[in-house]
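This report refers to the structure that appears directly beneath it.
Laboratory data are not the source of any read-out in this text; all were calculated from the coordinates shown. Quick caveat, the model's predicted, so the values are computed rather than measured. With ideal geometry, Cβ positions are generated from the backbone for all residues, glycine too; neighbour counts draw on all protein chains shown.
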Amino acid sequence: MEKTVEGNQTALTEFILLGLGELPGMYIFLFVIFLAIYTVTLVGNMLILVTVSCDRNLHTPMYFFLGNFSFLEIWYTTSTSPKMLRTFLTAHEAIPFWGCIAQFYFFGSMAVTECFLLAMMSYDRFLAISNPLRYTTIMNFKVCMQLAAGCWISGFLAPIPTIVLTFRLPFCTANKIDHFFCDLAPVMKVSCGDTHVVKEITFMLASVVTMVPFLLTIASYVKILSTILKIPSTQGKKKAFSTCSSHLIVVTLFYGTLIFVYAAPTASQSATLNKMFSLLYTVATPMVNPIIYSLRNKEVKDSLRKLITKWSNHSLPSLAMRKDKIHHGNP
Ligand SMILES: *[C@@H]1O[C@H](CO)[C@@H](O)[C@H](O)[C@H]1NC(C)=O
């Protein structure tokens, strides 16, 4: 008896992602929309990354973190989007067992890294605004690198217990995952074993890795606001606030969707509603970050404009030269 059960468990080598489910006629439409969103996300974040690293005026801690954040967003959305896009076309997309676990691991790691990086960015703003004289000595390049590395390392360590426990869960014959990527909850649903321990440990870990950065972010902004309120001139107030307003919007959106997703009563939540919420934090938030920073931040806007002018000036003469060479080469 035991043997056959064992045999059944090891037989499961792949899962099937059902995507958004049966939405006849909608697939192509959704595919096009989300392909466009994914493209905008990639291009936008790459532009920020290039702008921040090319312009020497932007070689400051704030823009170092912004570049790192954009780099993260590219991988964060890439961990789910391509597979998700395929589920829209097939509605029956196979993913190997290890691929499913890997997807969940990378997605989880980068979500945690995002929380930590957002907290670092607000801590950086807090230092710059409340301690402007000592800021450059405290936040030197080495410290920035170490803080960013700390965010990435803790992000990639945090989901490991969950991954190890999930690997050891039994999976029997049910292999259809009612979601567009391998998130923890839909994977737990198809396991035929006891998922209590995994769920509880994950909940504890998730609470720590979101609450600590969240409280750090709140504390930084409370300090920032109280410092700004003490600045006597309106002009000075505006100037100080303008350096952190873009970040404040990104933070609010990120935690806003997170709270929205987790505070919504799970019992009354239908699978479809769940998927809609997931779309918010897997696809929508990575897209808005570059938009907010490039629309609201004058320094980024100016650098971007300079960079584009430089590129177009570069490519036009080089094209003209190439034509010239061709002429000379083939008389
Ligand atoms: C992000 O931070 C890490 C850790 O300090 C660093 O190794 C990496 O080069 C940074 N990446 C970018 C694109 O800034």
Taking R0 as 22 Å and r as the Cβ-Cβ distance between THR39 and ILE308, the FRET efficiency 1/(1 + (r/R0)^6), rounded to the nearest 0.05, comes to 0.75
With the crude spin-label approximation of a point 7 Å out along Cα→Cβ, what separation in nm comes out for CYS172 versus THR90? 2.6
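Kyte-Doolittle mean at least 1.6 and Cα extent at least 30 Å along the axis: which DSSP H helices of the chain qualify? Numbers along the way, then the final one.
Numbers: long enough: 27-54 (40 Å, 2.26); 97-130 (50 Å, 1.09); 196-230 (50 Å, 1.39); 234-263 (39 Å, 0.68); 298-329 (46 Å, -0.96).
Those that pass (Cα extent of 30 Å or more, hydropathy at least 1.6) are 27-54.
Using only helices, what value at 222 nm comes out for the chain when you add -39,500 (n - 2.57) per DSSP H run of length 4 or more and divide by the total residues, to the nearest 500 deg cm²/dmol? Don't skip to the end; give the middle numbers.
Details: 14 runs with 254 residues, N = 331.
That comes out to -26000 deg cm²/dmol.
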Picking from THR77, TRP311, THR195, whose Cα lies most toward the positive end of the charge dipole for the chain (charges on Cβ: Lys, Arg +1; Asp, Glu -1)? TRP311
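Hey, what's the Cα Rg ratio for the range 2-296 versus the globular rule of thumb, 2.2 N^0.38 Å?
Values: Rg = 21.2 Å, N = 295, 2.2 N^0.38 = 19.1 Å.
Against the compact-globule rule of thumb, the ratio is 1.11.
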Assign one of three labels to the range 122-201, namely rounded, prolate or oblate, based on the Cα gyration tensor with a ≥ b ≥ c the square roots of its eigenvalues; rounded applies when a/c is under 1.5, prolate when it is not and a/b is larger than b/c, and oblate otherwise. prolate
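Full extension from THR227 to MET204: what is 0.36 nm times the residue separation minus their Cα-Cα distance, to one decimal in nm?
On the way: separation 23, 0.36 × 23 = 8.28 nm, distance 3.43 nm.
In short, 4.9 nm is gained.
Once you have the Cα-Cα distance between LEU215 and THR234, take 0.36 nm times their residue separation minus that, and quote the gain in nm to one decimal. If you can, show how the numbers build up before the last one.
Working: separation 19, 0.36 × 19 = 6.84 nm, distance 2.85 nm.
Result for the pair: 4.0 nm of gain on full extension.
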Hey, can you grab everything whose amide H is under 5 Å from the amide H of ALA94? Only 5+ residues off in sequence or another chain; H modelled, so Pro and N-termini drop out. LEU17
What residues qualify as long-range amide H neighbours of LYS176, i.e. H under 5 Å apart, gap of 5 or more or another chain, H built at 1.01 Å from N? ILE16
